[in-house]
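Rule-based calculations on the coordinates, nothing more; no lab input. Every value quoted in this text rests on a predicted model; they were computed, and no experiment measured them. In this analysis, Cβ positions are derived from the backbone assuming ideal geometry, glycine residues included, and neighbour counts consider all displayed protein chains.
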Amino acid sequence: MAETPLLPATSRALLHRIATAQTQGRAPSVAAAVLRDGAPVWSGGYGLVDGAVPGDDTQYRIGSLTKTFVAVLVLRLREEGLLDLDDPLSRHLPGAPAGASTVFQLLAHTSGIASETPAPWWERTPGDVRPELADVLGDDYRKYPAGHRHHYSNPGFALLGALVEQVRGRSLGQVLHDEILAPLKMTRTTLLPQAPHAHGWAVHPWADVLLPEPTEDAGRLAPAGQLWSTLADLSRFAAFLADGDPAVLPAAAVELMRTAASPPEGDQWDSGYGLGVQLKRDHGRMLAGHTGSMPGFLATLWFSPADRIAAVVLANTTTGVSVGGLGADLVRIVCEHEPRLPAPWQPLTSYDPALLELTGPWYWGPGAVALKLLADGDLELAPLAGPGRGARLKAQGDGTWRGLDGYYAGETLRVARRPDGTVDHLDLGSFVFTRTPYDAAADVPGGVDPAGWRGLPRD
C-alpha cells in the first residue's frame, strides 16, 4: 500500500518550524525530513548552501550519529557469535587502553572512562595528532567505577571502532560500507565530504558574520563523529532503526539497542541511553535515535516506535539551533496533526482453549490483577485498579511465559496445578496469584490464617 502523503496543513507546520529554527538560530541552512511507517513523507530546507536551498542529497557532517552506526557493527558481531556484550575489550583487542571495560559498558557509556581525549580538542585538530589507540586516552582516564553511572565518552567509541577493525580484519570504512551502507542503499554516506555538501560555519554571537570551521579527518576518533550523510540516506537509516533489516540486523537486536542500558538520574528523567542510541521523553512520547555535533554542523535523528514517525534534522552551524528539540518537535507536529489510527480489532482465528482458563481476575494477596490473552498468544498482566505491577509475558513453548517488561522482565510465569489437573495458583517469579484473595485452598506461601477474614474488633 502506498504511503498516504501528509496533509497540506501538516507540511506547512513542519516548514514553518524549521524556518523559525533557521532564522532564530541564525543558521546558514537547516534541512529536515519526516518518515511515517518507514517511508519518507516530507522534506524541506531553509537557508542556502552554495546559493541553493539544501535538498535531500546535500551532505552534512552528522557528528555523534556516527556512534549509532558503529553500535550496529558491534551488534552484528554479537549476532554472529564473534563476541559477547559482557566480554572485556581486552579479550578481542589485546593491549587496548581501558581493556577491562566490557563491550556493553562502552556501548552504553557506563565504562566510567573520560568524555574526551587529552588536549588539544580532538574535534578541531587532525587525527594524526593521536596516531595510536593509546593516544585517545590519557593516564587519568578513569573518572568513575565501571558500571556505576552513565558518563558519555567519545574515546569509548574510538575503542569500539578499533574493536570492529580488529575482529573483521578490515578498515572501519570498508566494514561500514559492506555491512550497513551497501545493504541499505545509503550511497551518499561517507567518511569524508563529497559534493554537493554543506560547509561548516561558526556564526558570530553579536554580528551576522561567519567564520569557516575546519573539517578535519578525526583519525582514531572517527567512530565518535566522522560521518557525512544526507536526508535521503538518514531516512533509510531511520527506517532500519525502527524495524531492523535481515541484511543488517534483526528487529530484536535493534530493539535491544534502544532499551535503556543504565539507570536514569533524578526523579523525573527525560533522557537516557541504550546501546549506541539516545532515548528522549518528549510530551509523554518516547523517542529513540541520536544527536550529533561537530564544529560547523549539528544533526539529529529521532523516531517514535509507538507512533511510527521519524524525523531527521541537519544544520551547518556550530551552535544556535537545538536540533534535538527541533527533531522532537517535527515528530510531535505530525503526531498531533495526523494522529495514528489504531489497527482494527479482529477476533482470533485460532487459540488454545486451555488458555482461557487462565484469563480473568487473579489476586496477589489482596491485590487484584487481570490476565488477558492477546492476539499473538502472549499474556498481559495488569492491575485492575490503582497502582501495581504489570507485564507483558511471552509464551516459551514449554507451558511457561517470560516477562518482557516492568518489574517482571525476565521472570517466569508458571501454572501450578493440583493432582486433578485444576489450577491451584500462578507463580510469577515466586509471587503467588490465586483466584480469590489469600485463597485458603491454594498453596499460599506462609499459609492462610484458618480463622479467615474478620472485622476489626471493637473495644
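List of remarks:
- Packing-based ranking, highest mean first, of 402-408, 276-282 given that Cβ atoms within 10 Å are counted: 276-282, 402-408
- The Stokes-Einstein estimate for the range 353-433, based on a Kirkwood radius over Cα pairs and taken at 20 °C with 1.002 mPa s viscosity, is a diffusion coefficient of 168 µm²/s.
- Flagged links, alpha-carbon separation over 25 Å, of 67/185; 185/280; 280/372: 185/280; 280/372
- Burial ranking of peptide ranges 65-73, 158-166, 33-41, 121-129 (average Cβ count within 10 Å, highest at the top): 65-73, 158-166, 33-41, 121-129
- Overall shape: oblate for the range 155-203, with the ratio a/c of the largest to smallest alpha carbon gyration tensor axis at 1.5 or above and b/c at least equal to a/b.
- Stokes-Einstein diffusion for the chain, with the hydrodynamic radius set to the Kirkwood value over Cα pairs and evaluated at 25 °C in a medium of 0.890 mPa s, equals 99 µm²/s.
- Hull volume in cubic angstrom per residue (convex hull over the Cα atoms of the range 288-385): 174 Å³
- Karplus-derived HN-Hα couplings along the range 147-163 (A = 6.51, B = -1.76, C = 1.60, θ = phi - 60°), whole Hz, x at Gly and Pro: x, 8, 7, 6, 9, 4, 9, 5, x, x, 7, 4, 5, 5, x, 5, 4
- Taking every C-alpha pair closer than 8 Å and separated by at least 6 residues, the mean separation divided by the residue count of the range 353-433 gives a relative contact order of 17 percent.
- Cα gyration tensor shape of the range 68-221, rounded if a/c is under 1.5, else prolate or oblate by comparing a/b with b/c: oblate
- 5 angstrom amide H check on residue 63, placed H, neighbours 5+ away: 227
- Loop-located chymotrypsin sites (Phe, Trp or Tyr not before Pro) in the range 139-238, at most 12 other Cβ atoms within 10 Å (DSSP): 206
- Highest-first packing order for the peptide set 184-194, 323-333, 245-255 is 323-333, 184-194, 245-255, based on the mean count of other beta carbon atoms within 10 Å.
- Neighbourhood net charge (13 Å Cβ-Cβ; Lys/Arg +1, Asp/Glu -1) for residue 438: -1
- The range 330-343 - phi-based ³J(HN,Hα) in whole Hz, Karplus 6.51/-1.76/1.60, Gly and Pro as x: 5, 4, 5, 4, 5, 5, 7, 6, 9, x, 5, 6, x, 5
- Couplings 3J(HN,Hα) of the range 233-250, computed from phi: 5, 5, 5, 5, 5, 4, 4, 5, 5, 7, 10, x, 7, x, 7, 10, 7, x Hz, in residue order, whole Hz [Karplus 6.51 cos²θ - 1.76 cosθ + 1.60, θ = phi - 60°; x for Gly and Pro].
- Cα-based helix-to-principal-axis angle, 65-79 vs the chain, degrees rounded to 10: 50 degrees
- Shape call, the range 53-139: gyration tensor on alpha carbons, a/c limit 1.5: oblate
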